[in-house]
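Laboratory data are not the source of any read-out in this text; all were calculated from the coordinates shown. A quick note: this is a predicted structure, and the numbers were derived from the prediction, not measured. Glycine gets a Cβ as well: all are built from the backbone with ideal geometry, and neighbour counts include every protein chain shown.
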Amino acid sequence: MNPPPGQAAPVQISRWHPVADAQALRDEACARILELARQALAERGVFRIVLAGGGTPRDVYRALGEAATDWSRWQIWFGDERCLPPDDPERNSRMAHDAWISRVGVPDAQVHPIPAELGARSAADRYAALLAPVGDFDLVLLGLGEDAHTASLFPGQDWGSEAHAPAALPVFAAPKPPPERVSLSALRLSRARAVLFLVAGMGKRDAVRRWRRGEDVPAGVIRPPGGVDVLVEAALLEEAGV
Ligand code: 6PG
């Protein structure tokens, strides 16, 4: 049963897809992203994607830089951002720009970085206002941290999963530096036709184990009506043992 419009599903439906290695993850992710873009462009004339930060997506973004699609109809948002200057190499938006966006023809007005340089609270308020008129995303890309965080939703902090959570949250004590960040809320990340997690690195086996056991972890509260797909290195999934 689908939740009311704008609400997350009551439970997370997850589909796990083991891949042989980082290259297979890159290729599978790229193929899925481009297929979802093809469908969205055919059905609605626009593809609304939310990007993951961190290091795992970098090779996927590089591969997208070589892809053939109608970039003029892509709209790009970010799932989270670090409160650093816009051109800081540690910014998630800078990583995506350098690896991919600067190499393709997405109009600048259609790339929406989180203004995290303004500070977490101001940036979260501005990004929530920017997202207010935006409907469901077509695709949300997410990573997974070793503590099972996703985006910048960290254990023990506000995940914004309640019914009327704001679209964007300020984060002031992130255990993964920098401490000050902005994150889309679990509720807003769940308003998506598709959610794709990209999970690589043996350090995440405990996070995968806890997530698959149904423990209360940030990755587990991303609950789009259609479920989430998880691309995960096969060895990592085996090590997790569940
Ligand atoms: C960030 C990301 C964060 C990341 C995970 C996984 O700002 O760091 O948003 O959620 O996706 O920590 O990071 P790796 O892909 O580098 O392992």
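Place a point 7 Å from the Cα of L130 along the Cα-to-Cβ direction; which residues of segment 162-191 have their backbone N under 14 Å from it?
167-169, 182-185
Would any residue of segment 121-135 have its amide N under 16 Å from a label point 7 Å out along Cα→Cβ of D158? List them or say none.
Answer for this model: 121-129.
Run the numbers on segment 50-105 and let me know its relative contact order in percent, using alpha-carbon pairs under 8 Å that are six or more apart. Before the final figure, lay out the partial values.
Working: 56 pairs, mean separation 25.9, N = 56.
Once normalised by length, the contact order is 46 percent.
As an exercise, identify the GluC sites (Glu not before Pro) in segment 98-164 lying in DSSP coil whose Cβ has no more than 15 other Cβ atoms within 10 Å.
E146, E162
Using the 2.2 N^0.38 Å rule of thumb for compact globular proteins, work out how the chain stacks up: its C-alpha Rg over that value, please.
Details: Rg = 16.4 Å, N = 242, 2.2 N^0.38 = 17.7 Å.
Compactness ratio reported: 0.93.
For q = 0.16, 0.33 Å⁻¹, what log10 I(q)/I(0) does segment 70-113 give under the Debye formula with an equal point scatterer on each alpha carbon and no solvent?
Here the Debye-derived log intensity ratios amount to -0.40, -1.26.
What residues from segment 143-163 fall in the zone where the backbone N is under 14 Å from a label point 7 Å along the Cα-to-C-beta line of D206?
145-149, 155
What ³J(HN,Hα) values, in whole Hz, does the Karplus curve 6.51 cos²θ - 1.76 cosθ + 1.60 give for segment 181-188 when θ = phi - 60°, with x put for Gly and Pro?
With the stated coefficients, segment 181-188 comes to 8, 10, 9, 5, 6, 4, 4, 6 Hz.
Explain nothing, just the number: relative contact order of the chain, from Cα pairs under 8 Å at least 6 residues apart, as a whole percent. Walk me through the numbers before you get to the answer.
Values: 511 pairs, mean separation 64.9, N = 242.
Taking the mean separation of contacting Cα pairs over the length of the chain, I get 27 percent.
For segment 52-66, take each phi angle, set θ = phi - 60°, evaluate the Karplus expression 6.51 cos²θ - 1.76 cosθ + 1.60, and give the result in whole Hz per residue in order, putting x for glycine and proline.
8, x, x, x, 4, x, 3, 5, 5, 5, 4, 5, 5, x, 9
Across 5 Å bins from the origin, how do the percents of Cα pairs in segment 29-121 run, short distances first?
Bin by bin from 0 Å, the calculated values are 3, 14, 24, 27, 17, 9, 5, 1.
Report the GluC sites (Glu not before Pro) located in segment 1-104 that are in a DSSP loop and have at most 12 other Cβ atoms inside 10 Å of their Cβ, or state none.
Details: sites: E28, E35, E43, E66, E81, E90; in loops: E66, E90.
Sparse-neighbourhood loop GluC sites (Glu not before Pro): E66, E90.
What distance in nm lies between label points placed 7 Å from Cα along the C-beta direction at D21 and A67?
2.3
Which listed residue (L84, V134, A116) has the Cα farthest towards the positive end of the charge dipole for the chain, taking +1 on Lys and Arg C-beta and -1 on Asp and Glu C-beta about the Cα centre?
Farthest towards the positive pole: V134.
Provide R44, R32, R188 in ascending order of the number of other Cβ atoms located within 10 Å of each residue's Cβ, fewest first.
Going from least to most buried by this count: R44, R32, R188.
Indicate, rounded to the nearest 5 percent, the antiparallel portion of the DSSP beta bridges found entirely in the chain.
Rounded to the nearest five, the antiparallel share is 25 percent.
Going by amide H atoms built from the backbone, whose H comes under 5 Å of the H on V140, apart from near neighbours?
Under 5 Å from the amide H of V140 lie the amide H atoms of V50, A194, V195, L196, each far enough along the sequence or on another chain.
If every alpha-carbon in segment 94-180 counts as one equal scatterer, what log10 I(q)/I(0) does Debye give at q = 0.12, 0.26 1/Å?
Relative scattering, expressed as log10 I(q)/I(0), comes to -0.44, -1.52.
For the pair I13/V242, report the inter-label distance in nm, with labels modelled 7 Å from Cα in the Cβ direction.
If labels sit at I13 and V242, their model points lie 2.2 nm apart.
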